[in-house]
């Protein structure tokens, strides 16, 4: 819909009104954008009533060494803990001291790349791409692997018995339990080629009713190649387990399957899934055992041609999102079922099924949730995973139509980071931020995928990672800064980026008023811009016609409201009226075919918001060209 044009307000005059602004529209030519959208709007966001106003600025809280690879927060007890992965170090942050913050170095020598965290059972776990770390509120270190009991009730010669647990991918150690026969001194382990680490043995003494620890070299010898332990004195005969042997066998590349993961998630509050270390395969932990990843706990998800990128919750399912593929499924659905074996032991089984083919995610940092919809960034824009109300089949729907033409052409899009914040989904790359407003939706012509979100576009947001905590939004930068948006500042001091002015612009379409074949003249004082009131504000209005290569400024005005709390004597005013402000344009533009308005504020610590633009004009004769 083009600008709304009325009949003659005065004989021979016509009026076009631009209002009900909702966001940008980069999807079409500036001439075809309707009156509620802008072909070029900068650094604006929807206010509580849905009208565009200047976004809050941001400030630097701290400066670290190296790129900010991750910002994390968790609650332990009654305390908040903030961690920062900067360069090769992870710090515990003091968020109260600003530039004098007393940060605590927790770990050094780590992988210098994007990191990911998840919280489980009172601990924060961090994947750096090369390490799998655990934070307990005081210290941060590699996850110490659980030592599984591999075999039970074995005979000394290795026969009999049964398998109890699988080897742990993140620990070379395993326990084997034997029943001594009184004569056998050599015990055959199920694993050969043991590590050089000392083997540990315990033998039960029935006389003292206690387990005794035996020492390698004194009480027994080890043939590591053959995987045998030979006691100097044969353990006593027993009807129950009376010998426990703990030995280590490192399998090359085993631990790296977990430490090399790039993303992880806790599913149903008990099982961890990680991905990114082996193409097309993910790995799961034991139930409520973040330190145990059984060697058989892996799953090949679809084709190896497209890797697993990350996870999201889809109702009762765990969504597994892969890279884009034209042949293979890109979203799989995993669910959990529980049953009991013949002995009554509880068994947990995981199943999966393919869900969607074609569109996949670009990076683990670009998967999130918009209100209650799983969303991810693809090469074709931001898509949500939805369910067909009739068939219950899953499908993907585009939510970023209005900004896709610019967003999808950003170089290095796979490095984008995203966050859900205050009902918005932010996608940031190359210091450009694309904002999807979940509370503002539309159904554009030709949109076969239901609604799309209204969008805004911000610049000078150098974020490489985000952290949202309630209303607060933090981000890290490539040059080592930890920053926060000024949402906690109530005064006009919130409207600056680290002290620099924020340029906010709203432009109309390049409008021919429905008469592309006729010339028009814009009437002096017949045009006005209605702006949102702020204690301190200002505006510059420019126009561009088909004859201009760039906008021309035609009006500049300050729009302050008197307040004892904010007095600037250089622009003092007695005006205390806090109603919307109208700026009348004392400009005549003659003999144009098309005209576009640009309404801008570029001053530091000034608010800005726009309600309406009214244009009065006269239609002239036929254009000759």
(Q) Every residue in the range 242-268 that is surrounded by 19 or more Cβ atoms within 10 Å (Cβ to Cβ), under 33 Å from the mean Cα position of the chain (by Cα) and not in a strand (DSSP E or B), please. (A) 255, 257, 258, 259, 260, 261, 262
Q: Check the range 372-380 and report whether any residue there is over 25 Å from the mean Cα position of the chain (by Cα), at pLDDT below 90 and surrounded by fewer than 19 Cβ atoms within 10 Å (Cβ to Cβ).
A: no
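I'd like to verify a number: residues in the range 608-625 that are farther than 25 Å from residue 32 by Cβ and modelled with pLDDT of 95 or more, how many?
Residues in the range 608-625 being farther than 25 Å from residue 32 by Cβ and modelled with pLDDT of 95 or more: 2 in total.
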(Q) Condition first: modelled with pLDDT of 80 or more, under 23 Å from residue 71 (Cα atoms) and surrounded by 15 or more Cβ atoms within 10 Å (Cβ to Cβ). Can you find one or more residues in the range 346-362 that meet it? (A) yes
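Pick out, from the range 35-97, the strands (runs of 3 or more DSSP E) lying fully within it that include 2 or more residues that are closer than 22 Å to residue 416 by Cβ. Walk me through how you get there before you give the answer.
On the way: elements: 44-46, 52-54, 58-63, 68-76, 79-86, 89-92.
Here the list reads 44-46, 58-63, 68-76, 79-86.
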Q: Please state which one of 199, 203 is under 30 Å from residue 130 (Cβ atoms) and assigned by TED's automatic domain parsing to the domain that holds residue 230.
A: 199
Q. Strands (runs of 3 or more DSSP E) wholly in the range 189-240 with at least 3 residues that are surrounded by 13 or more Cβ atoms within 10 Å (Cβ to Cβ) - which ones?
A. 200-205, 220-223, 228-231
Q. If you scan the range 56-78, which residues turn out to be within 25 Å of residue 493 (Cα to Cα) and under 20 Å from the mean Cα position of the chain (by Cα)?
A. 58
Q: Scan the range 145-170 for residues that are in contact (Cβ under 8 Å) with a residue 40 or more places away in the chain and under 23 Å from residue 287 (Cα atoms) and jot them down.
A: 145, 146, 147, 148, 150, 152, 165, 166, 167, 168, 169, 170
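Among the residues of the range 47-64, are any closer than 30 Å to residue 270 by Cβ and either surrounded by fewer than 18 Cβ atoms within 10 Å (Cβ to Cβ) or in contact with a helix residue (DSSP H, G or I) (Cβ under 7 Å, 6 or more places away or on another chain) (or both)?
No, that holds for no residue.
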Q. Can you pull out the residues in the range 470-483 that are out of contact with any helix residue (DSSP H, G or I) (no Cβ under 9 Å at 6 or more places or on another chain) and over 17 Å from residue 429 (Cα atoms)?
A. 470
(Q) Please determine whether any residue of the range 139-160 is surrounded by 20 or more Cβ atoms within 10 Å (Cβ to Cβ), part of a loop (DSSP other than H, G, I, E, B), in contact with a helix residue (DSSP H, G or I) (Cβ under 7 Å, 6 or more places away or on another chain) and at pLDDT 95 or above. (A) no
(Q) Which count do you get for residues in the range 176-214 that are on the phi > 0 side of the Ramachandran plot and either within 47 Å of the chain's Cα centre (by Cα) or without any contact (Cβ under 8 Å) to a residue 12 or more places away in the chain (or both)? (A) 2
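The values are calculated or read from the model by the stated rules, or taken from the named source; none is laboratory data. Predicted model, so just to flag it, every value in this text is computed and none were measured. In this analysis, Cβ positions are derived from the backbone assuming ideal geometry, glycine residues included, and neighbour counts consider all displayed protein chains.
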